[in-house]
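Structure first, then comments.
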Amino acid sequence: MGRYRPKRTQKGKLDHKKAVKVKRRKKDLDQIQDEIKIVEKKGLKLPFDPDLPGLGQFYCVPCARYFINEATKRNHEKTKDHKKQIKKVKEKQYTQKEAEEAAGMGTSNTRTEKKEVVDMIL
């Protein structure tokens, strides 16, 4: 008698990995920063939503999370994760130009530097 085959798990299935990764997707930092700007201008007025915890009335803007009641929200505001998120949100927001330059898609200064060197020699 040989060894029995181990049971299969979701370990190697790529479609399962993607589904789990996307299932609990959070908002990105730039989306949260944009939302904070809107809240500062207009104020935070939340509509009642029966699908959200606490009918959607207890919302932490920097963390983009809903809570069941005000006490839970206050406890969350004392946590380390909330304080870290506030520090991240206070950082300067990246622009599209900065993102393109970091990816190597932006303008390069090497050509202008070469032209200046050639102009100096002539």
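The values are calculated or read from the model by the stated rules, or taken from the named source; none is laboratory data. Only a predicted model underlies this, so the values are computations on that prediction, with no experimental measurement involved. Quick reminder, even Gly has a Cβ in these numbers, built from the backbone with ideal geometry, and neighbours come from all protein chains shown. To get the accessible areas, we keep the full protein, side chains included, count just its heavy atoms, and leave off ligands, DNA and RNA. Shrake-Rupley method; radii C 1.70, N 1.55, O 1.52, S 1.80 Å.
Brief remarks on what is shown
- Qualifying residues in segment 27-43 (those that are under 18 Å from the mean Cα position of the chain (by Cα) and not hydrophobic (A, V, I, L, M, F, W, C)) - the one farthest from Gln93 (Cα to Cα): Lys27
- Selection count, segment 36-60, where residues are among the charged types (D, E, K, R) and open to solvent by less than 40 Å² (accessible area, probe 1.4 Å): 0
- At least 1 residues being open to solvent by 80 Å² or more (accessible area, probe 1.4 Å) and either under 19 Å from Leu52 (Cβ atoms) or modelled with pLDDT of 95 or more (or both) is the threshold, and among the helices (runs of 4 or more DSSP H) wholly inside segment 62-122 those reaching it are 70-77, 80-90.
- Residue list for segment 72-90, filter: without any contact (Cβ under 8 Å) to a residue 12 or more places away in the chain and charged (D, E, K, R): Arg74, Lys78, Lys80, Lys83, Lys84, Lys87, Lys90
- Hits in segment 33-65 (condition: aromatic (Phe, Trp, Tyr) and touching a Lys or Arg at 6+ places or on another chain (Cβ under 9 Å)): Phe58, Tyr59
- In segment 35-71, the residues that are farther than 16 Å from His82 by Cα and either touching an Asp or Glu at 6+ places or on another chain (Cβ under 7 Å) or touching a residue at least 24 places away in the same chain (Cβ under 8 Å) (or both): Glu35, Leu55, Gly56
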